[in-house]
Amino acid sequence: MTVTYSRRVADARLGTFSHLLLRWKGSIYKLLYRELFIFTVLYYAISILYRFLLDDGQRRLFEKLAIYCDQYAQLIPVSFVLGFYVTLVVSRWWGQFESVPWPDRLAALVGGHVRGADEGARLIRRSLVRYANLSGVLIYRSISTAVYKRFPTMEHLVQAGLMTVEELRQLEELPSPHNKFWVPCMWFVSLALRARTEGRINNDVALTAILNELSTLRSQCMKLYSYDWISLPLVYTQVVTVAVYSFFLACLIGRQFLDPTQGYPGHDLDFYLPVFTLLQFFFYVGWLKVAEQLINPFGEDDDDFETNWLVDRNLQVSLLSVDDMYDLVPVVERDKYWNESEPQPPYTAASAEHRKPSYMGSALDIRQVLHSNTGSYYISMWFHIILLKYVAKTGIYRSAFMVPSQMCMSPMPMRTNAPLFHHEYWLLNCTMIAS
């Protein structure tokens, strides 16, 4: 269900975003076309009523009402309220994605620390990661309509192989009215302690690492549960919705094109299509629809999270990590750059333009800049020579110049890399001595 267009915007070129405007799935057009159609129909219904069905007296009253609605509709702070609300929704949406549990690290620790190639060790490793995945499935089933439709009852989890009949019996017999997504985590802890007692986990440090990673995964499940439990305040959602729709209800009357012969300010022209009002509706209501879609990303909208894919992917990757990949290592061979101190992987013809020299630091370019400006240094020196000769002829004394006396006794030799003021001081002293 997630709409991905990263490849389309990989390069910033002419019309990069314009191509995205032609997509339908996950687009604002798909979200908004019903509301936009209803608004347009209502607008033209009122326009026909004003133009053809009302008499002159009724038209004058309608025109006063239209001016009143247009004037006071601007007092509704739509931009402020809607912008702050959408910001909260987007930050909450990203926080929910960051709370999605991924069992990859836990599976890597289980596969690395639960040792043994016998049937018992294999059973322990597979059971540990299955418990971790079962905890995630239970929380997804509680908050995602897509996963709940896939597993409407606990028996469906047994049929899917995510839990056994005995595990279901223990889960249902547990006297707790609360969500029991944490129960598989406790089974995980008990089984890990048994593996440590049997010596399948070599030391307590490894056991601690496994349990810490399990705690992280359980915390992520708890965050998803909390996000589903604690929503944005209902009153704020109601305020935003009422502000947006009341504004455009006022626009249905206030944005009507009135009779130009009446001389109302701002009504000099008479059009039939309210272009900018429709654009304003598209932007504001579209903004609100974005918030409606993102406020709960565990539904079945186009841009909601692929929770069923997460269930399939996590189960397969974790089982492969602890079973098929257990102690599986390719033949260790010398790499291609065994005797090279500076390995340089080759570039294809298409990527050759991206080969760049190593960046050494911006300050290292200063010496190059000084050398490139040597010509301007000498121009400046000859200018000072001419100026100083003129000063010497006019009788200005040596005391008028702020020149260190020791430089007059021992002029500084000219160096190519010396700063400009060294050359100037030397020329200044030499010129004044000569005068």
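Taking the solvent-accessible surface of protein heavy atoms with a 1.4 Å probe, what is the per residue accessible area of segment 160-215 in Å²?
That works out to 55 Å² per residue.
As a test of the definition: which semi-axes, in Å, follow for segment 134-200 when you take the square root of five times each eigenvalue of its alpha carbon gyration tensor? Largest first, please.
Working through the eigenvalues yields semi-axes of 24, 13, 12 Å.
Treating the Cα atoms of segment 203-285 as identical point scatterers in vacuum, please give the log10 of the normalised Debye intensity I(q)/I(0) at q = 0.12, 0.13, 0.16, 0.21 Å⁻¹, two decimals.
Normalising to I(0) and taking log10 leaves -0.63, -0.67, -0.81, -1.01.
Throw me the Rg/Rh for segment 216-358, computed over C-alpha atoms with Kirkwood Rh, two decimals.
1.28
For segment 48-139, count the residues as N, evaluate 2.2 N^0.38 Å, and divide the Cα radius of gyration by that value, please.
2.60
Taking Lys356 as the anchor, which aspartates and glutamates have their alpha carbon closer than 18 Å to its alpha carbon, excluding any fewer than eight residues away along the same chain?
Glu342, Asp365
Calculated FRET efficiency, Leu75 and Tyr29, Cβ-Cβ r, R0 35 Å, to nearest 0.05?
Efficiency at R0 = 35 Å is approximately 0.70.
Within segment 210-254, name every residue whose backbone N is under 12 Å away from a label modeled 7 Å from Cα of Ile46 along the Cβ vector.
Backbone N within reach: 246-254.
I'd like the FRET efficiency for Arg194 and Asp104, computed as 1/(1 + (r/R0)^6) with the beta carbon distance as r and R0 of 35 Å, rounded to 0.05.
It comes out at approximately 0.90.
Could you please state, rounded to a whole Å, how far the C-alpha centre of segment 227-286 is from the C-alpha centre of segment 330-349?
Cα centroid of segment 227-286 versus Cα centroid of segment 330-349: 64 Å apart.
Would you mind checking Lys25/Lys149; Lys25/Lys223; Lys25/Lys180; Lys149/Lys180; Lys180/Lys223; Lys64/Lys289 for any pair whose Cα atoms are more than 26 angstrom apart?
Lys25/Lys223; Lys25/Lys180; Lys64/Lys289
Size of segment 110-242 along its principal axes in angstrom, Cα-based, largest extent first?
Largest to smallest, the principal-axis extents are 64, 33, 26 Å.
Rounded to the nearest 10 Å², what accessible area does Ile67 show when all protein chains are kept and the probe is 1.4 Å?
Ignoring ligands and nucleic acids, Ile67 comes out at about 60 Å².
The values are calculated or read from the model by the stated rules, or taken from the named source; none is laboratory data. A quick note: this is a predicted structure, and the numbers were derived from the prediction, not measured. Ideal geometry is used to build each Cβ from the backbone, glycine not excepted, and the neighbour counts take in all protein chains shown. Side chains included, ligands, DNA and RNA excluded: accessible areas come from the protein's heavy atoms. Shrake-Rupley method; radii C 1.70, N 1.55, O 1.52, S 1.80 Å.
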